[in-house]
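Everything below concerns the one structure shown next.
The values are calculated or read from the model by the stated rules, or taken from the named source; none is laboratory data. Computed from a predicted model, the values in this text were never measured in an experiment. Don't worry about glycine lacking a Cβ; one is built from the backbone with ideal geometry, like all the others, and counts go over all protein chains shown. Quick note on the areas: whole protein, heavy atoms, side chains included, nothing else; ligands and nucleic acids left out. Shrake-Rupley method; radii C 1.70, N 1.55, O 1.52, S 1.80 Å.
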Amino acid sequence: MKVTENLRKIQDLLALETQSAGRPAGSVQLLAVSKRQPLQAVLDAAGAGQRHFGENFAQEGIDKMLATGRNDLVWHFIGHLQSNKTRIVAEHYQWVHTVDRLKIAQRLSEQRPAAKGELNVCLQVNIDNEDSKSGLAADEVAAVATKVATLPGLKLRGLMCIPAIRTSATEQREPFARMRQLLDSINEHGLELDTLSMGMTADYAAAVQEGATIVRIGTALFGARGE
Ligand SMILES: *Cc1c(COP(=O)(O)O)cnc(C)c1O
């Protein structure tokens with residue numbers, strides 16, 4: 001099966017990159033980005049051992065997670081999050097990577113059902129200051145992190161970014177290195193963030209070199225997406 005084969009290749013590459021970066025084996029988690037992929041793609045990947053899945057559209061992901069009939073999968077919301085979608089996200093997902101303002105975090109915290117435990121969240125950083133992308137400016141992150149860390153329904157895990165497109169591996173590392181420095185500087189101020197969600201199909205090797213703990217991969221695993 002194509003997905004099984006792709007999964008094995010990505011896992012091998014991740015293991016090699018992790019080792020060449022001098023990082024412990026298994027320190028990078030693969031998030032399978034299944035947005036706009038059919039249910040069967042998720043079932044194939046899950047059958048091959050993949051557990052973590054990422055979705056960009058709240059309802060599409062919920063439909064899929066319920067349709068799998070499995071309760072051993074972990075679902076991450078990685079799309080732009082609007083206020084009117086926070087409730088369904090807080091009720092169904094285990095992670096949100098794209099918290100880009102305090103208000104969204106407050107809503108997720110209030111709406112998280114107690115029985116589900118804390119919702120894992122990352123703050124999205126607009127690391128290249130692009131008008132087209134959401135996310136906090138790097139110099140706003142520490143102040144927002146300090147507040148989000150106190151919200152009872154959430155567990156603040158770390159930072160996420162989608163850098164501008166760069167072609168060479170050397171150039172790709174630069175924004176990821178700034179993300180790592182940002183995480184380190186926040187942790188020096190008393191937080192214990194353990195997650196850097198960064199790297200996609202085109203740049204995940206560079207992200208692993210700079211300390212990514214979650215890489216979000218769609219195309220390399222599932223092929224091109226539907227419309
Ligand atoms: C679509 C998407 C991905 C996966 O992108 P690929 O290039 O297909 O690997 C990762 N992260 C986010 C936030 C996305 O929207």
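When the solvent-accessible area of the stretch 119-221 is split by element, carbon and sulfur atoms take up 52 percent of it, the probe being 1.4 Å. Label-to-label distance for residue 111 and residue 132 is 2.8 nm, based on points extended 7 Å past Cα in the beta-carbon direction. If you count Lys pairs in the chain whose Cα atoms are under 16 Å apart, skipping same-chain pairs closer than 8 places in sequence, the total is 6. Fully extending the segment from residue 21 to residue 194, taken as 0.36 nm per residue of separation minus the present Cα-Cα distance, adds 60.5 nm.
When Rg and the Kirkwood Rh are both derived from Cα coordinates, the Rg/Rh ratio for the chain amounts to 0.94.
Residue ranges 118-130, 181-193 sort as 118-130, 181-193 when ordered by packing (mean number of other C-beta atoms within 10 Å per residue, highest first).
Taking Cβ atoms as reference points and 12 Å as the exclusive limit, the residues near residue 165 contribute a net charge of -2, counting Lys and Arg as +1 and Asp and Glu as -1. Charge tally around residue 126: other residues with Cβ under 10 Å, Lys/Arg +1 each, Asp/Glu -1 each, net -4. Summed over the residues of the chain and divided among them, the accessible surface reaches 47 Å² per residue at a probe radius of 1.4 Å. A cut-off under 12 angstrom between Cβ atoms defines the neighbours of residue 87, and their net charge, with Lys, Arg +1 and Asp, Glu -1, is +1.
Taking each DSSP H run with n ≥ 4 as -39500 (n - 2.57) and averaging over every residue of the chain yields -13000 deg cm²/dmol at 222 nm.
The distance separating the Cα centre of the stretch 137-165 from that of the stretch 40-94 comes to 21 Å. In order along the stretch 207-218, phi translates into HN-Hα couplings of 5, 5, 4, 9, x, 4, 10, 10, 10, 10, 10, x Hz, rounded to whole numbers, per the Karplus curve 6.51 cos²θ - 1.76 cosθ + 1.60 with θ = phi - 60° and x for Gly and Pro.
Pick from 163, 38, 24 the residue whose mean-square fluctuation is largest in a GNM of the chain, springs joining Cα atoms under 10 Å. In the Gaussian network model the winner is 24.
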